[in-house]
Amino acid sequence: GGTRRPSMASSVMARGPKKERKVKHYRQKLLDLLRQFVAGRVTEFFKQEAKGLDGVEEVTGFVIDELTFVAEAVSPAFPPNYFIFDFFVNEYHQAVVKNTNELVAGDLEGGAILTLLRWVREYHSALRKQLSIPKDQLKPALLEGREDQLAQEYLDIAVSKIREWITNLMRSETNTFTTRQDAPSMGEDGLYVTGGSVYLFEIVNQNIDLVIDAQRAKLLCDLMAECNKVFQDIGKQWRDLLEVEKIKQIETPESVAEGLVDYTMALANEQIRSVVQAETIRDETGDRLSRSHQERFKAELSQSMDIFMNIAESATQTLADIVFSDLRPITAALYTAEWYQEDLLQPVIETLKDYCQDFQDHLDKYLYKRLMQDLLSRFALSYVDAASGKVKFRKGKSSEKLNLELHRATKFFKEHMDSGAVTETLSIVRILISLIDSTPTMIFLEFFSVKKQYPDLPLALVEDILAKRDDLDKQQLKGILESLRQKSKGETGSSLAKQRTLFSNLKSYPPLGS
């Protein structure tokens, strides 16, 4: 279809035979005419056939056809000392460079830049494979060394568009999150979702596909590095918003929209979906790259996964904060007169049951396990941290009640998580019981026995427990504390830094050197 392009042969023959006559400087004039002919022919092709950047990739086939004709039909007609094929190679290339420079003189769209960069690579590759013309022979370089500059221009355009897209997405997502007019969407698996990851990766995947198509592996790595900066910004926005909404929920629950827990689960789940998308890109696309770029590309995508996972963990920490803000009035009463007189554990377990059922039904399984471990750790720590309050440890009664509560708590948590993890985490409560129960003569041995397994057991905690026991008189207490302090001299924060256990997470007894 369309008008057939006249071949080089027909263009030459159309001029017809010339009368023989001697011409001064014949060789130079002939070459000048051929130079003009080639320049005009290439310019015409750019205008009529390639029609600018839209068809620039057609130029490669045109140049190969023309030079093939020169090699087969024109070169044999010239004396060897004319090196006529090399002449034509140079002139065609010079004309291509000139017309290409005119094309890129104005502002270019991101897609046009990638088309241009892909074509430059294909142009050199095709000339080398089909005509054995090495890239070094083609001077000046196509785009005259502007490839890196154009790649940076594309990157700036692409990142600007990605930022604009994601800014609009975040505006919509955060508005929905804060207003909570309806319940969050639910996937087929019963998990709450926001749908944001689909739109987030739509724009990212579009650009990845374009860059891969342009065969620019370094640019692809640079693109993902820039995307990670955008993802970091998203993470900060979500963490800040979670903090604001959580504080409002805890301090003025009557004035906030309902559903924060559900929407926080949806946000956490959505991050897992983003992790999966990033992992898919890392594995499927990364394996298509050369080894020299594969490692960096996969590292960038692994960082993307970490960013999304960090947002998810911030969300689950928010959930745990909300749960324990509800429990605070009860945990604050541990070891007080009220605790000795009433069953304060039952409302704790009932509250945890309600929350944990929702978490089990609507939160990603991996995040649910992480959250349950967090809740268990906080539960155990709350029993130890409470020793810092205005409390009393009553001989016999404290340990008896604690053992009963420990048994019930163990039973509850084992219904939701690994039995071994429950036993290990609650061991710090057993240590508390042993320090409450130890006889004056055994306290010293008990303390240093525990220290072997838990080197970060705070001495201040032990001092508090002993000072609040009702079975030690002042003289006994003074002697025991002096012995413990003397033996503990020389401990530093740095010596314990590599031996952190759950005791290092106590709020009332910060670890040494923190």
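The values are calculated or read from the model by the stated rules, or taken from the named source; none is laboratory data. For clarity, every value in this text was computed on a predicted model and none was experimentally measured. We place every Cβ from the backbone using ideal geometry, glycine too, and count neighbours over all the protein chains shown. Please note that ligands, DNA and RNA were not included when accessible areas were found on the heavy atoms of the full protein model with its side chains. Shrake-Rupley method; radii C 1.70, N 1.55, O 1.52, S 1.80 Å.
Determine if region 247-269 includes at least one residue that is touching a helix residue (DSSP H, G or I) at 6+ places or on another chain (Cβ under 9 Å), assigned to a helix (DSSP H, G or I), over 30 Å from VAL211 (Cα atoms) and of a type in the set (Lys, Arg).
yes
If MET265 satisfies all but one of (1) crowded, with 21+ Cβ neighbours inside 10 Å; (2) more than 23 Å from GLY190 (Cβ to Cβ), what's the number of the condition it fails?
Evaluating MET265 over (1) crowded, with 21+ Cβ neighbours inside 10 Å; (2) more than 23 Å from GLY190 (Cβ to Cβ) leaves (2) as the failure.
Every residue in region 356-373 that is buried (at least 19 other Cβ atoms within 10 Å of the Cβ) and either modelled with pLDDT under 95 or of a type in the set (Ser, Thr, Tyr) (or both), please.
TYR368
Looking at region 193-202 only, could you name the residues that are in a helix (DSSP H, G or I), surrounded by fewer than 20 Cβ atoms within 10 Å (Cβ to Cβ) and not aromatic (Phe, Trp, Tyr)?
Correct list: VAL198, GLU202.
I'm trying to understand the selection: among the residues of region 268-302, which are of a type outside the set (S, T, N, Q), open to solvent by less than 60 Å² (accessible area, probe 1.4 Å) and farther than 21 Å from ASP222 by Cβ?
Listed by number, the residues that qualify are ALA268, GLU270, ILE272, VAL275.
The rows are residues; the columns are (1) modelled with pLDDT of 90 or more; (2) aromatic (Phe, Trp, Tyr); (3) open to solvent by less than 40 Å² (accessible area, probe 1.4 Å).
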residue: SER132; (1), (2), (3): yes, no, no
residue: GLN149; (1), (2), (3): no, no, no
residue: LEU155; (1), (2), (3): yes, no, yes
residue: LYS161; (1), (2), (3): yes, no, no
residue: ASN168; (1), (2), (3): yes, no, no
residue: THR178; (1), (2), (3): yes, no, no
residue: LEU191; (1), (2), (3): yes, no, yes
residue: VAL204; (1), (2), (3): yes, no, yes
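Take the residues of region 355-370 that are in a helix (DSSP H, G or I) and acidic (Asp, Glu): which is farthest from GLY190 (Cα to Cα)?
The qualifying residue farthest from GLY190 (Cα to Cα) is ASP358.
Out of contact with any Pro (no Cβ under 6 Å at 6 or more places or on another chain), open to solvent by less than 30 Å² (accessible area, probe 1.4 Å), in a helix (DSSP H, G or I) and at pLDDT 95 or above: is that true of ALA333 in this structure?
no
Is region 86-108 home to any residue that is farther than 19 Å from THR43 by Cα, open to solvent by less than 50 Å² (accessible area, probe 1.4 Å) and within 33 Å of the chain's Cα centre (by Cα)? If you could, list the steps in order and put the result at the bottom.
Step one: of region 86-108, the residues farther than 19 Å from THR43 by Cα are 86, 107-108.
Filter once more, keeping what is open to solvent by less than 50 Å² (accessible area, probe 1.4 Å): 108.
Okay, now just the ones that are also within 33 Å of the chain's Cα centre (by Cα), so 108.
Yes, region 86-108 contains at least one residue that is farther than 19 Å from THR43 by Cα, open to solvent by less than 50 Å² (accessible area, probe 1.4 Å) and within 33 Å of the chain's Cα centre (by Cα).
Quick test of your reading of the structure: SER427 fulfils all but one of (1) open to solvent by less than 10 Å² (accessible area, probe 1.4 Å); (2) closer than 27 Å to ILE322 by Cα. Name the failing condition by number.
Single failed check for SER427: (1).
As an exercise: evaluate ALA105 against (1) modelled with pLDDT of 95 or more; (2) not in a helix (DSSP H, G or I) and give the number of the one condition it does not meet.
(1)
So is GLN232 free of Cβ contacts under 8 Å to residues at least 40 places away in the same chain, open to solvent by 10 Å² or more (accessible area, probe 1.4 Å) and assigned to a helix (DSSP H, G or I) or not?
It is false that GLN232 is free of Cβ contacts under 8 Å to residues at least 40 places away in the same chain, open to solvent by 10 Å² or more (accessible area, probe 1.4 Å) and assigned to a helix (DSSP H, G or I).
Can you name the number of the only condition in (1) of a type outside the set (Val, Ile, Thr); (2) within 16 Å of VAL429 (Cα to Cα); (3) in contact with a helix residue (DSSP H, G or I) (Cβ under 6 Å, 6 or more places away or on another chain) that ASN403 fails?
Failing condition for ASN403: (3).
Mind counting the residues in region 134-147 that are at pLDDT below 90, over 28 Å from LYS229 (Cβ atoms) and open to solvent by less than 20 Å² (accessible area, probe 1.4 Å)?
1
Which ones in region 467-514 are at pLDDT below 75, open to solvent by less than 90 Å² (accessible area, probe 1.4 Å) and small (Gly, Ala, Ser)?
GLY490, GLY493, SER495, ALA497, GLY513
Of everything in region 469-490, what is within 49 Å of the chain's Cα centre (by Cα) and assigned to a loop (DSSP other than H, G, I, E, B)? Give them in sequence order.
LYS489, GLY490
Within region 235-246, count every residue that is open to solvent by less than 70 Å² (accessible area, probe 1.4 Å) and of a type outside the set (Phe, Trp, Tyr). Explain how you work it out, then say what you get.
Taking region 235-246 and keeping what is open to solvent by less than 70 Å² (accessible area, probe 1.4 Å), we get 235, 238, 241-242, 245-246.
Right, trim to of a type outside the set (Phe, Trp, Tyr) and you get 235, 241-242, 245-246.
So the count comes out to 5.
Is there any pair linking a residue in region 305-328 that is touching a residue at least 24 places away in the same chain (Cβ under 8 Å) to one that is of a type outside the set (S, T, N, Q) and outside any helix (DSSP H, G or I), with Cβ under 9 Å and at least six apart or on different chains, and which?
ALA312/ASP364; THR316/LEU363; LEU319/LEU363
Anything in region 380-422 that is more than 34 Å from the chain's Cα centre (by Cα), part of a helix (DSSP H, G or I) and among the β-branched types (Val, Ile, Thr)? List them, or say none.
Residues of region 380-422 that are more than 34 Å from the chain's Cα centre (by Cα), as a first pass: 383-412.
Next, only the ones that are part of a helix (DSSP H, G or I) stay: 383-388, 397-412.
Those that are more than 34 Å from the chain's Cα centre (by Cα), part of a helix (DSSP H, G or I) and among the β-branched types (Val, Ile, Thr): VAL384, THR410.
Of all residues being farther than 15 Å from PHE393 by Cα and open to solvent by 20 Å² or more (accessible area, probe 1.4 Å) in region 433-450, which is farthest from the chain's Cα centre (by Cα)? Just the residue, please.
So, considering only residues that are farther than 15 Å from PHE393 by Cα and open to solvent by 20 Å² or more (accessible area, probe 1.4 Å), the one farthest from the chain's Cα centre (by Cα) is THR441.
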